[in-house]
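**Q** I'd like to ask some things about the structure below.
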Amino acid sequence: MTTLAGSAVGCCNYYHPNFAFFVVLMGCRIFNDHAEFTIQRVIQTRKIFVNREQMMRDFNAAVIAAVAGASLLLAGTAAADMPKKTTWTAYGTTSSGYAQSVAIGNMMKKHYGTNMRVIPGKNDISRMAPLRDDKADYCACGVAAYFGQEGVYIFADKAWGPQPLRLLMTNIGTFGLSVATAKDAGIKTLADLKGKRISHVRGAPALNWNVGAHLAFAGLTWDDVVKVPVSGFAASFDAIINGQSDAAFSSTVSPSPKKLAASPRGLWWPRLPHNDDAGWARTLAAAPVYNKVNATIGSELSKDAPAQLANYPYPILIANASKGAGEVSAIVAAMVKHYDDYKSAAKGALGWRIENQNMTWAMPYHDGAIAVWKDKGIWTSAAEAHNTKLIERQAVIKSAWDAMSGKDDMAKEDLKAAWSKARVAALTKAGFDPVFK
């Protein structure tokens, strides 16, 4: 600070006693995202000598005052940007995502006076529709958020189409999302699934898509296995227990794998070795949402007996791209700053920690979130380039949807088929992998 003061005062070193007034103007500005703090001090004297040392002391005092004042102003700005009330959607009231949302809401109420309403949704439509219709500000969603930006599955519909979604934060836990197999089926690796029976859930394309991503790890597809049609998720494991199937997709913490583990057939999780670069490249090409995880929680897993598996974030906190950057920054900053307030207040909330955030995940970050990551020093040029490409991808998908004529007059299945072709063509032409083909 002395060096700074010396250089500032050095330029004002000239004084002549005949000056009627001698004015010294010094400013200190401190910038931090949305805050600008300016201190100006004017010393006016008439025929009074102001020496260099006094000026230096005055300057240093002004800088100290500026730093102290800036800290107060920045805190005040964050509080000012935090909404008085906010509405989130989440999974049902018995879900960990709902409990975590409530815990985060309690943190915001405690520190900022924000009132949060959490709307529980029993399915993807009931969670995403309020966000689409501007009746909710944020969604603590599942992987359907990714389907929304891609315009696939339930979003390949005239009431939806691709959604302009942006990421705030994600929760990445130590659970696995993988293909569970019967221990007596002779399936040690994913390659061993070739020719085996796998539950194929009717009306649940996302579950079947996840199986496909795991098959891709071993260079397989659904054509290399025997599909066993089942009516739902629970039925997919009942089929294994009853000897009709050998494998099904699940979270490691779901009750269904635990039920299989207790059955005579037993439970085994085929690994996705984290050093198998080729296998991971195939899985990520099929499903870019996945992360590597040393799974330590769930049936047949523990800290002493972890498994190298895959998972994707849950919950995924999203907003529409149009959401104000100031408010988003305030919420993300609050979640980082006051993490200790909610990390143990709901099951699984530990996964929100800043060290778990993936800056190059499958969805683009909101500008407001990026401001926080830059401030924390974790936003890189690679992250910026990745984010820009994801936003370009969303734009290509949206343009293709808007350009497709006759949507309103098409039957639901005809629209899905036509949109699938148009989407793949547009992304391919723009140099993007369609992923969903």
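**Q** Name the one entry in 213, 185, 239 that is over 19 Å from residue 267 (Cα atoms) and surrounded by 13 or more Cβ atoms within 10 Å (Cβ to Cβ).
**A** 213
**Q** Sticking with this one: Yes or no: residue 253 in contact with a strand residue (DSSP E or B) (Cβ under 8 Å, 6 or more places away or on another chain), modelled with pLDDT under 95, β-branched (Val, Ile, Thr) and closer than 28 Å to residue 152 by Cα?
**A** Working: in contact with a strand residue (DSSP E or B) (Cβ under 8 Å, 6 or more places away or on another chain): yes; modelled with pLDDT under 95: yes; β-branched (Val, Ile, Thr): yes; closer than 28 Å to residue 152 by Cα: yes.
Yes, satisfied.
**Q** If we keep just the residues of segment 344-357 that are within 16 Å of residue 313 (Cβ to Cβ) and touching a helix residue (DSSP H, G or I) at 6+ places or on another chain (Cβ under 7 Å), which is surrounded by the fewest Cβ atoms within 10 Å (Cβ to Cβ)?
**A** Among those that are within 16 Å of residue 313 (Cβ to Cβ) and touching a helix residue (DSSP H, G or I) at 6+ places or on another chain (Cβ under 7 Å), it is 347.
**Q** Only one of (1) loosely packed, with under 15 Cβ neighbours inside 10 Å; (2) among the charged types (D, E, K, R); (3) on the phi > 0 side of the Ramachandran plot is not met by residue 303, so which one is it?
**A** Unmet condition: (3).
**Q** Can you confirm whether segment 104-125 contains a residue that is among the small types (Gly, Ala, Ser), assigned to a helix (DSSP H, G or I) and at pLDDT 95 or above?
**A** Yes, there is a match, as at least one residue in segment 104-125 is among the small types (Gly, Ala, Ser), assigned to a helix (DSSP H, G or I) and at pLDDT 95 or above.
**Q** Also: Within segment 196-211, does at least one residue satisfy the condition of being more than 18 Å from residue 230 (Cα to Cα) and in contact (Cβ under 8 Å) with a residue 12 or more places away in the chain?
**A** No, that holds for no residue.
**Q** Still on this structure, please answer the following. Give me the residue from segment 133-169 that is under 20 Å from residue 401 (Cβ atoms) and of a type in the set (Gly, Ala, Ser) and, out of that set, farthest from the chain's Cα centre (by Cα).
**A** My answer is 159.
**Q** So, in segment 413-437, of the ones that are among the charged types (D, E, K, R) and within 23 Å of residue 212 (Cβ to Cβ), which residue ends up nearest to the chain's Cα centre (by Cα)?
**A** Just the residues of segment 413-437 that are among the charged types (D, E, K, R), to begin with: 413-414, 416, 421, 423, 429, 433, 437.
If we keep only those that are within 23 Å of residue 212 (Cβ to Cβ) as well, we get 413, 416, 421, 423, 433, 437.
Values: 413: 31, 416: 27, 421: 29, 423: 24, 433: 21, 437: 24 Å.
Residue satisfying both the conditions and the ranking: 433.
**Q** Assigned by TED's automatic domain parsing to the domain that holds residue 147 and either closer than 17 Å to residue 81 by Cβ or surrounded by 22 or more Cβ atoms within 10 Å (Cβ to Cβ) (or both): does that describe residue 335?
**A** yes
**Q** Next up: Restricting to segment 122-137, give me the number of residues that are in contact with a strand residue (DSSP E or B) (Cβ under 6 Å, 6 or more places away or on another chain) and surrounded by 24 or more Cβ atoms within 10 Å (Cβ to Cβ).
**A** 2
**Q** Count, please, the residues in segment 216-244 that happen to be in contact with a Phe, Trp or Tyr (Cβ under 9 Å, 6 or more places away or on another chain) and touching a residue at least 60 places away in the same chain (Cβ under 8 Å).
**A** 1
The values are calculated or read from the model by the stated rules, or taken from the named source; none is laboratory data. Remember, predicted model here, so these are calculated numbers, not experimental data. Methodologically, a virtual Cβ is constructed for each residue, glycine included, from the backbone with ideal geometry; neighbour enumeration extends over all protein chains shown.
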